[in-house]
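The values are calculated or read from the model by the stated rules, or taken from the named source; none is laboratory data. Since this is a predicted model, take the numbers as computed values, not measurements. Cβ sites come from the backbone with ideal geometry, for glycine too, and all protein chains shown count toward neighbours. We work out accessible area using only protein heavy atoms, side chains counted, and drop any ligands, DNA or RNA first. Shrake-Rupley method; radii C 1.70, N 1.55, O 1.52, S 1.80 Å.
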Amino acid sequence: MILISSYVMQHNPEYFDQPESFIPERFVNNFMKSLPAFAYFPFGGGPRVCIGNHFAIKEAVFVLACIAKRYRIKLAPDHHEVTPLPSLTLRPKMDCAWC
């Protein structure tokens, strides 16, 4: 079995400037076309690529636009660093007593 981590690839400084920073603007101006194949693959790739990938991206843009139109999002005063928990999917590690 071979596992290729999209998280590791998408944090590779060879392909992404400041890979640990949240910079959504990096994807404008056809940035995706400048990347080699599979440097960015949030929905897998090849013959087993997720069939809902185009819908998911369009839906995410729509949802984020609706949220940004109505709310101003900011960190809570007592925020903490998010620790990634790699599993079948990547999610934040929950460090709370009731989780």
Among the residues of region 30-67, what is the count of those that are more than 25 Å from Pro13 (Cα to Cα) and among the basic types (Lys, Arg)? 2
State which residue is least open to solvent (accessible area, probe 1.4 Å) when the search covers only region 61-99 and only residues that are touching a helix residue (DSSP H, G or I) at 6+ places or on another chain (Cβ under 8 Å) and touching a residue at least 12 places away in the same chain (Cβ under 8 Å). Pro84
Residues of region 37-60 classified as free of Cβ contacts under 8 Å to residues at least 12 places away in the same chain, hydrophobic (A, V, I, L, M, F, W, C) and surrounded by 12 or more Cβ atoms within 10 Å (Cβ to Cβ), total: 2
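In this structure, is Phe22 open to solvent by 40 Å² or more (accessible area, probe 1.4 Å), in contact (Cβ under 8 Å) with a residue 12 or more places away in the chain and among the aromatic types (Phe, Trp, Tyr)?
Taking the combined requirement at face value, the residue does not satisfy it.
I'd like the full set of residues that are touching a strand residue (DSSP E or B) at 6+ places or on another chain (Cβ under 9 Å) and not in a loop (DSSP other than H, G, I, E, B), limited to region 38-93.
Answer for region 38-93, where residues must be touching a strand residue (DSSP E or B) at 6+ places or on another chain (Cβ under 9 Å) and not in a loop (DSSP other than H, G, I, E, B): Asn53, Ala56, Ile57, Pro84, Leu85, Leu90, Arg91, Pro92.
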Can you tell me which residue is nearest to the chain's Cα centre (by Cα) among those in region 12-37 that are closer than 20 Å to Ala60 by Cβ and assigned to a loop (DSSP other than H, G, I, E, B)? Phe22
